[in-house]
Amino acid sequence: MTLVAPPPIPRAAGSLPLLGHAIQLVRDNLGFIASLRQNYGPLVEITLQPGTRTIIVQDPELIRTMLVDLGPSLDKGRFFEKMGQLLGDSVVTAAGQDHVRKRRQLQPAFARGEIARYVDIMRDEVNAAVDTWKPGHVLDVREAMVKLSLDMLAKTVFSGSLDETTFRRLRRDLSVVMNGVGARIMLPDWAEKLPLPFNRRFNQARDAVRATIHRAVDQLQASGHGNGDMLSMLLRAKNDNGEPLTKHEICSEILTLAVAGTETTASVLSWSLYELARHPDVEARVLAELDGVLGDRPITFEDITQLPYLRRVLDEVLRLHHTGWLVTRRTVTATRLGPWTLPAGTELAYCQHALHRDPALFPDPLVFDPDRWLDSDRQPPSSAFLPFGAGKHKCIGDRFALTELVTALATIVRRTRLGLREPVRPVARATVRPQTLKMTVRPRRAPAPGRRNSPMS
Ligand code: HEM
């Protein structure tokens, strides 16, 4: 048998000495990555940072091989390494056995039974947010969704462990960390050492979050019992030798959960409200389903799986507006990917946003159509729709996120109508999100019975 050598991996056009593809990436990073799918085959090489080479994996089967089959043997790559340097090592940044251990420790906090208890907290946070939206006013929906997502996550982590003033301070500090981390991951290492206000603010906020969590852990340990929140769960978590997580490890996990679980949820919520405003027929079907299932009562955990149309709307948002910009990995040894053998140290990446818009995989990919998920002729191969990734690093918060998304949308759309005011442009920062999303607030109905009065009632 003669072995045929695979074709060489092409290098994307337009790379400049010293700058690589920096100009295309600064000008329009999403457009640049999408153009690779049109112009090149399964693998293509680009320069994300001067001096580095990254292979973009575009073929769904090779993406699956990278995430699932090669998952245990690959490092997570430069982006995640940088996150670890900034926020501490966590399940998000770890690879190999270290990752297995960290994931096992965290898993109980995301178990079905725990999430059932978080729904009431999430719904209260949504109602409190909607209470502040004044009819007739213009709402910065993106900003409101970031705040809401952070509140939902922070309240589930700390509901019983912090007094209100400390919680507000922690939320403010976490928000500085979240806003700063995306830019830092993209910047060269030396930039974050410059004595600039931007760097000082980030470092102070991160240290303040750590100090607050340390104090909360001390108090919980001194009290000798848990509060039923996620922090109490993390305190009970043990490693394989039966040892609990250290305070430093708990802080790192919470900081990274805030980053992994806030911008993502906020972007999906923003895009969902945008698509519902653009498609009144879809919104009417969502409302009819909610009326049929909930009547006048607020949403509870048991309802989350009883709303198939809302779930299809969310799947369609996760397809058309996926928040994932580039997910990275790195080979540790010479590694076979399809017919290619990649040397140790090769940086790999894939873009969910571009994958989910590929016309070869999704007919009419730019059309928002929740019913495509019912049509057997339009189903993509399973490796082409990866809202929460795949393999050993698949999102640990997938069930938590879907619960938040269904709870938040069900609560928001029954109380308000949000009207679009201007065209919206996607940008890829830490996530792919609307650059700005301003919408006009119109009342729909009062909050469910049993809730306090609000400006909207
Ligand atoms: C709609 C919202 C979300 C989306 C689209 C999303 C997407 C993803 C994806 C694609 C990955 C895999 C990354 C990789 O392959 O390296 C991931 C990992 C992860 N996500 Fe999410 N996520 C969301 C919400 C959340 C939430 C709410 C949390 C936590 C509260 C969370 C925590 C994590 C963690 C800890 C990991 C790392 C898992 C590991 O490496 O074992 N995510 N997420």
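The values are calculated or read from the model by the stated rules, or taken from the named source; none is laboratory data. Everything numeric here is computed off the predicted structure, so don't read it as measured data. Counting neighbours? That spans all protein chains shown, and the Cβs are built from the backbone with ideal geometry, glycine included. Ligands, DNA and RNA are excluded from the accessible area calculation, which covers all protein heavy atoms including side chains. Shrake-Rupley method; radii C 1.70, N 1.55, O 1.52, S 1.80 Å.
If you take the residues of the range 16-38 that are more than 30 Å from the chain's Cα centre (by Cα) and within 23 Å of residue 183 (Cβ to Cβ), which of them is modelled with the highest pLDDT? Give the steps one after another, and end with the answer.
Initially, the range 16-38 is screened for residues more than 30 Å from the chain's Cα centre (by Cα), giving 16-18.
Next cut, within 23 Å of residue 183 (Cβ to Cβ) only: 16, 18.
Numbers: 16: 86, 18: 78.
The extreme case among them is 16.
Considering only the range 222-229, I want to know if a residue exists there that is closer than 21 Å to residue 173 by Cα and assigned to a helix (DSSP H, G or I).
Within the range 222-229, the subset closer than 21 Å to residue 173 by Cα is 229.
Keeping just the survivors that are assigned to a helix (DSSP H, G or I) gives none.
No, there is no match, as no residue in the range 222-229 is closer than 21 Å to residue 173 by Cα and assigned to a helix (DSSP H, G or I).
Out of curiosity, is residue 285 among the charged types (D, E, K, R), open to solvent by 40 Å² or more (accessible area, probe 1.4 Å) and over 30 Å from residue 35 (Cα atoms)? Give the derivation first.
On the way: among the charged types (D, E, K, R): yes; open to solvent by 40 Å² or more (accessible area, probe 1.4 Å): yes; over 30 Å from residue 35 (Cα atoms): yes.
So residue 285 passes the test.
If we scan the range 356-373, do we find a residue that is within 16 Å of the ligand (Cβ to nearest atom) and either out of contact with any Phe, Trp or Tyr (no Cβ under 9 Å at 6 or more places or on another chain) or on the phi < 0 side of the Ramachandran plot (or both)? Before the answer, list the steps.
From the range 356-373, those within 16 Å of the ligand (Cβ to nearest atom) are 356-357; that's our starting set.
Next cut, either out of contact with any Phe, Trp or Tyr (no Cβ under 9 Å at 6 or more places or on another chain) or on the phi < 0 side of the Ramachandran plot (or both) only: 356-357.
For the range 356-373, residues within 16 Å of the ligand (Cβ to nearest atom) and either out of contact with any Phe, Trp or Tyr (no Cβ under 9 Å at 6 or more places or on another chain) or on the phi < 0 side of the Ramachandran plot (or both): present.
If you go through the range 185-211, how many residues are closer than 14 Å to residue 175 by Cα and out of contact with any Asp or Glu (no Cβ under 6 Å at 6 or more places or on another chain)? Talk me through it step by step, then tell me what you get.
From the range 185-211, those closer than 14 Å to residue 175 by Cα are 198, 201-210; that's our starting set.
When the remaining residues are screened for being out of contact with any Asp or Glu (no Cβ under 6 Å at 6 or more places or on another chain), the result is 198, 201-204, 206-207, 210.
Count: 8.
For the range 36-139, which helices (runs of 4 or more DSSP H) that fit wholly inside it have 2 or more residues that are surrounded by fewer than 17 Cβ atoms within 10 Å (Cβ to Cβ), touching a residue at least 12 places away in the same chain (Cβ under 8 Å) and away from the ligand (no atom under 14 Å from the Cβ)? Full working, then the answer.
Numbers: elements: 60-64, 78-87, 96-106, 112-131.
Output list reads 112-131.
Taking residue 191 as the residue in question, decide whether it is free of Cβ contacts under 8 Å to residues at least 12 places away in the same chain, within 12 Å of residue 247 (Cα to Cα) and open to solvent by 10 Å² or more (accessible area, probe 1.4 Å).
Details: free of Cβ contacts under 8 Å to residues at least 12 places away in the same chain: yes; within 12 Å of residue 247 (Cα to Cα): no; open to solvent by 10 Å² or more (accessible area, probe 1.4 Å): yes.
Answer is no for this residue.
Taking the range 216-238, which residues are in contact (Cβ under 8 Å) with a residue 60 or more places away in the chain and either of a type in the set (Val, Ile, Thr) or in contact with a strand residue (DSSP E or B) (Cβ under 7 Å, 6 or more places away or on another chain) (or both)?
If the condition is that a residue be in contact (Cβ under 8 Å) with a residue 60 or more places away in the chain and either of a type in the set (Val, Ile, Thr) or in contact with a strand residue (DSSP E or B) (Cβ under 7 Å, 6 or more places away or on another chain) (or both), then 237, 238 are the ones that fit.
Which one is nearest to the ligand (Cβ to nearest atom), of the residues in the range 381-417 that are among the hydroxyl-bearing types (Ser, Thr, Tyr) and farther than 30 Å from residue 57 by Cβ? Give the steps one after another, and end with the answer.
First, pick out the residues of the range 381-417 that are among the hydroxyl-bearing types (Ser, Thr, Tyr): 382-383, 403, 407, 411, 416.
With the extra rule that they be farther than 30 Å from residue 57 by Cβ, the set shrinks to 403, 407, 411, 416.
Values: 403: 9, 407: 12, 411: 17, 416: 21 Å.
Going through the qualifying residues, I end up with 403.
Looking at the structure I just gave you, is residue 23 touching a strand residue (DSSP E or B) at 6+ places or on another chain (Cβ under 8 Å), surrounded by fewer than 16 Cβ atoms within 10 Å (Cβ to Cβ) and among the aliphatic types (A, V, I, L, M)? Break it down stepwise before answering.
Working: touching a strand residue (DSSP E or B) at 6+ places or on another chain (Cβ under 8 Å): yes; surrounded by fewer than 16 Cβ atoms within 10 Å (Cβ to Cβ): yes; among the aliphatic types (A, V, I, L, M): yes.
Spelling it out, residue 23 is indeed touching a strand residue (DSSP E or B) at 6+ places or on another chain (Cβ under 8 Å), surrounded by fewer than 16 Cβ atoms within 10 Å (Cβ to Cβ) and among the aliphatic types (A, V, I, L, M).
Just to be sure I understand, how many residues within the range 393-425 are open to solvent by 20 Å² or more (accessible area, probe 1.4 Å), β-branched (Val, Ile, Thr) and under 19 Å from the mean Cα position of the chain (by Cα)?
Residues that pass the stated criteria total 1.
For residues in the range 292-332 being acidic (Asp, Glu) and within 16 Å of the ligand (Cβ to nearest atom), which is most open to solvent (accessible area, probe 1.4 Å)? Step through it out loud before you land on a result.
Here is the first cut: in the range 292-332, the residues acidic (Asp, Glu) are 296, 302-303, 315-316.
Imposing the further condition that a residue be within 16 Å of the ligand (Cβ to nearest atom) reduces the set to 315-316.
Numbers: 315: 27, 316: 0 Å².
Filtering first and then ranking leaves 315.
Among the residues of the range 146-155, is there at least one that is open to solvent by 20 Å² or more (accessible area, probe 1.4 Å), among the charged types (D, E, K, R) and outside any helix (DSSP H, G or I)?
Within the range 146-155 (the criterion being open to solvent by 20 Å² or more (accessible area, probe 1.4 Å), among the charged types (D, E, K, R) and outside any helix (DSSP H, G or I)), the answer is no, since none of the residues qualifies.
Residues of the range 276-303 being in a helix (DSSP H, G or I) and small (Gly, Ala, Ser), which ones? Please lay out each step first, then the result.
Within the range 276-303, the subset in a helix (DSSP H, G or I) is 276-278, 280-294, 301-303.
Residues satisfying the conditions are 277, 284, 288, 292.
Filter the range 363-392 for residues that are open to solvent by 30 Å² or more (accessible area, probe 1.4 Å) and either under 27 Å from residue 47 (Cβ atoms) or aromatic (Phe, Trp, Tyr) (or both) and give the result.
373, 385, 388, 391
Quick one: is residue 360 exposed (fewer than 15 other Cβ atoms within 10 Å of the Cβ) and of a type outside the set (Asp, Glu)? Write out each step before concluding.
Working: exposed (fewer than 15 other Cβ atoms within 10 Å of the Cβ): yes; of a type outside the set (Asp, Glu): yes.
Yes.
Which one of the conditions (1) more than 30 Å from residue 368 (Cα to Cα); (2) hydrophobic (A, V, I, L, M, F, W, C); (3) surrounded by 18 or more Cβ atoms within 10 Å (Cβ to Cβ) does residue 222 fail to meet, given that it meets all the rest?
Failed condition: (3).
Cβ-Cβ below 6 Å, separation at least six or inter-chain, first residue in the range 260-289 and more than 25 Å from residue 327 (Cα to Cα) and at pLDDT 95 or above, second of a type in the set (A, V, I, L, M, F, W, C) and open to solvent by 40 Å² or more (accessible area, probe 1.4 Å): which pairs?
Within 6 Å, the pairs are 277/420.
So which residues in the range 162-175 are of a type in the set (A, V, I, L, M, F, W, C) and within 17 Å of the chain's Cα centre (by Cα)? Explain how you work it out, then say what you get.
Kept after step one, since they are of a type in the set (A, V, I, L, M, F, W, C), are these residues of the range 162-175: 162, 167, 170, 174.
Result: 174, single match.
Can you pull out every residue in the range 226-241 that is touching a helix residue (DSSP H, G or I) at 6+ places or on another chain (Cβ under 8 Å) and either open to solvent by 70 Å² or more (accessible area, probe 1.4 Å) or among the acidic types (Asp, Glu) (or both)? Quick ask: steps written out before the conclusion?
Going residue by residue through the range 226-241, those that are touching a helix residue (DSSP H, G or I) at 6+ places or on another chain (Cβ under 8 Å) are 226-240.
229, 236, 238, 240, listed by residue number.
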